[in-house]
1. Cβ-Cβ under 9 Å, sequence separation 6+ or interchain: first residue in the range 88-106 and without any contact (Cβ under 8 Å) to a residue 12 or more places away in the chain, partner of a type in the set (Val, Ile, Thr) and surrounded by 15 or more Cβ atoms within 10 Å (Cβ to Cβ). Which pairs?
2. Enumerate the pairs (first residue in the range 49-67 and free of Cβ contacts under 8 Å to residues at least 12 places away in the same chain; second residue anywhere and surrounded by 17 or more Cβ atoms within 10 Å (Cβ to Cβ)) with beta-carbon separation below 8 Å, excluding pairs fewer than 6 apart on the same chain, so at least 6 apart or on different chains.
3. Can you name the helices (runs of 4 or more DSSP H) wholly within the range 1-115 that have at least 2 residues being of a type outside the set (Val, Ile, Thr) and modelled with pLDDT under 85?
Amino acid sequence: MEEADKNNAMIVLGDIKGIRFNHKGRSFNRRLNSSPLYRLAQLITYKASWLGIPVIKINEANISQLCHSCGGRGLRVGGCFLCNNCKHEYNADYNGAYNIMKRAMGYMSMVGAGLTQPLNPIG
């Protein structure tokens, strides 16, 4: 939070809201709403709004299937992502997080946030 406040940045979270409406029943919804990740997202959103830090939620559809470098489709096997197009191999979580960051950059002008330096690609 302090880093985002200091750099006039925004906080980006993956949107898990749509996962609730998958017709798995009340029991599933109750477990999801009590899950630590869902609760953490609620706490981050609350604290950020208290400090005036913009929070956006990004649709995570196909995030883990696309290469952050070339945009081509690839395969996720365990913790590795292999791009079928450019043949690069990345950590799958890193690749997904980088794709979320790229989607979030499209919202930056709407929320008035600055860009902190992104991580360099691994590989």
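1. Partner pairs satisfying both residue conditions: Ala97/Ile63.
2. Close Cβ pairs satisfying both conditions: Ser49/Val55; Gln65/Gly74.
3. Numbers: elements: 2-6, 26-33, 36-51, 92-105, 108-111.
Once the helices (runs of 4 or more DSSP H) in the range 1-115 are filtered for at least 2 residues that are of a type outside the set (Val, Ile, Thr) and modelled with pLDDT under 85, what remains is 2-6, 26-33, 36-51, 108-111.
The values are calculated or read from the model by the stated rules, or taken from the named source; none is laboratory data. Keep in mind it's a predicted model, so treat the numbers as computed, not measured. Neighbour counts are summed over all protein chains in view; Cβ atoms, including those assigned to glycine, are modelled from backbone coordinates with ideal geometry.
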